[in-house]
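The values are calculated or read from the model by the stated rules, or taken from the named source; none is laboratory data. Computed from a predicted model, the values in this text were never measured in an experiment. FYI the Cβ positions are ideal-geometry reconstructions off the backbone, even for glycines, and counts take in every protein chain you see. Remember, those area values only see protein heavy atoms, side chains included, never the ligands or the DNA or RNA. Shrake-Rupley method; radii C 1.70, N 1.55, O 1.52, S 1.80 Å.
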Amino acid sequence: MGNAQSPSPDPLFDAASLAFSKQELEDLRSLFVSLAAQSGSNCKFISQPVFQAYFRVPGPLGARMFQLAARKRNDGILTFEDLVVTKATYEKGARDEIEEFIYQLCDVTGDGILGRSDIEAVLNSIHEALFSPESDDNGLSSQHQDILEVFINAAIFSEKVEGLAGESMSLADFRSWCSLLPSARKFLGSLLTPPDSGRPGYQVPCLQHPENVLSDMLLLRKEYAWHIGGALSQNEVEKWKLLYHSAVNGLSFSTFLGNISNGDGPTVLIIKDTEGYVYGGYASQPWERQSDFYGDMKSFLFQLYPKASIFRPTGANNNLQWCAVNFSSDSIPNGIGLGGRSNHFGLFLSANFDQGHTFSCTTFNSPCLSKASKIHPETIECWGVLAKGPQNGKPEVLKGTVLERFKEDRNMLKMVGLANSSD
């Protein structure tokens, strides 16, 4: 028939266009024209350097994203049709399509095998994008290598590949790794989002600590804060303020309660034990004296060293937070905890702050967080999660020794009924 239309030269583009509104397509066109002009291509295509500079995805990860976005043509050209097709799959596709795309994205060598070296390259690119690490004469700093290891240690490589010395990461392994590292999953899922302050996976909390606490004393490094923040909403990763540090305040339960009582928001509890393991929990509700579990499904447990993982509530039970003070019953152990059950917590610190335990628990589907179930804290930190908004004035000096805080501690102890009890 004379009125018959010829087939579209790019049916994938036609189908992908349906995923966007008219305004969204116009916005994409404007973005493409701007980047193509910067590429010096007469508005015909975007070059790889301009692409990586605009989306701020450095290194092999950015190069691999460009390759996938250009539909693996390897000609150094990204057309408008490429951009629409890629964003339709990567951002608006079904869950399985998106996960498959990100899985391919992490295969930075493009050899169809997601190995340890690929994951290392991905993590290096993430670290460079977020933290701009300084390198020593031999390349990456040893401190950066240590951080890299804790995230790699959370990965499983279970797939055997013929001719490959080690195992590779299957899609199931990759999904498991992403569930343990939600910050990495957010980052990898937002690479084509406009690079503004609200870009998922790019938020690193501003860590505020008093002048008498040096940075090298802190357990919470900025990379760890990014990791923990991956399980939180955007307004909870703005600013975190140090409320308690055992090196300054002493291993004192009463001082701990006194310091954190100044805030009524969520807290991040971090423990380093005598085995060198570092782990903790996010408490969404204030630590308040109760005779039973309380809290909500926003709380979670995490590991920081020797591997980084996050364990969120499964819904199996409501045994989320525990804060018992001055109870005499063995069934109500005095101390603070998260998950599990009485005397068998996912994480627990006794009221003496000199010991505790960590068991696997169904509350968070978490394992024992340390080398052994019985733990002996070496350092304890607690950070308050601050709401959005400017903070006025200089940070206060953290009130130091137990002797300096004696009168204030006695008043607090009277409030909770511990005036005649040991810390």
Filtering segment 142-166 down to residues that are in a loop (DSSP other than H, G, I, E, B) and either among the hydroxyl-bearing types (Ser, Thr, Tyr) or open to solvent by 30 Å² or more (accessible area, probe 1.4 Å) (or both) yields Asn153, Ile156, Phe157, Ser158, Lys160, Val161, Glu162, Gly163, Leu164, Ala165, Gly166
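For segment 273-304, name all the residues that are of a type in the set (Lys, Arg) and either within 18 Å of the chain's Cα centre (by Cα) or within 21 Å of Ser370 (Cβ to Cβ) (or both).
Once the filter is applied, which keeps residues that are of a type in the set (Lys, Arg) and either within 18 Å of the chain's Cα centre (by Cα) or within 21 Å of Ser370 (Cβ to Cβ) (or both), segment 273-304 yields only Lys298.
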Strands (runs of 3 or more DSSP E) wholly inside segment 257-369 that include at least 3 residues being more than 29 Å from Glu238 (Cβ to Cβ) and open to solvent by 10 Å² or more (accessible area, probe 1.4 Å):
344-350
Meets criteria (charged (D, E, K, R), modelled with pLDDT under 95 and under 14 Å from Ile119 (Cα atoms)) for Glu134
no
Condition first: of a type in the set (A, V, I, L, M) and more than 16 Å from Ala69 (Cα to Cα). Now tell me which residues in segment 172-194 satisfy that.
Ala172, Leu180, Leu181, Ala184
Contact list, first residue from segment 46-63 and without any contact (Cβ under 8 Å) to a residue 24 or more places away in the chain, second anywhere and open to solvent by 60 Å² or more (accessible area, probe 1.4 Å), beta-carbon distance below 6 Å, six or more apart or interchain, is Val50/Gln38
Given the criterion closer than 30 Å to Thr362 by Cα, β-branched (Val, Ile, Thr) and in contact (Cβ under 8 Å) with a residue 24 or more places away in the chain, identify the matching residue among Val248, Val268, Val213.
Val268
Any chance you could count how many residues in segment 206-235 are more than 17 Å from Leu386 (Cα to Cα) and not in a helix (DSSP H, G or I)?
7
In segment 24-42, what count of residues is obtained for those that are in a loop (DSSP other than H, G, I, E, B), open to solvent by 60 Å² or more (accessible area, probe 1.4 Å) and touching a Ser or Thr at 6+ places or on another chain (Cβ under 9 Å)?
1
One residue is enough: does segment 172-195 have a residue meeting the conditions open to solvent by 60 Å² or more (accessible area, probe 1.4 Å), out of contact with any helix residue (DSSP H, G or I) (no Cβ under 8 Å at 6 or more places or on another chain), in a helix (DSSP H, G or I) and touching a residue at least 24 places away in the same chain (Cβ under 8 Å)?
yes
Has segment 132-141 got at least one residue that is open to solvent by less than 70 Å² (accessible area, probe 1.4 Å), assigned to a loop (DSSP other than H, G, I, E, B) and not β-branched (Val, Ile, Thr)?
yes
Which one of these does Ala231 not meet: (1) surrounded by fewer than 22 Cβ atoms within 10 Å (Cβ to Cβ); (2) within 19 Å of Phe300 (Cβ to Cβ); (3) free of Cβ contacts under 8 Å to residues at least 40 places away in the same chain?
(3)
Give the residue that is surrounded by the most Cβ atoms within 10 Å (Cβ to Cβ), with candidates limited to residues of segment 1-23 that are at pLDDT 95 or above and of a type in the set (Gly, Ala, Ser).
Ala16
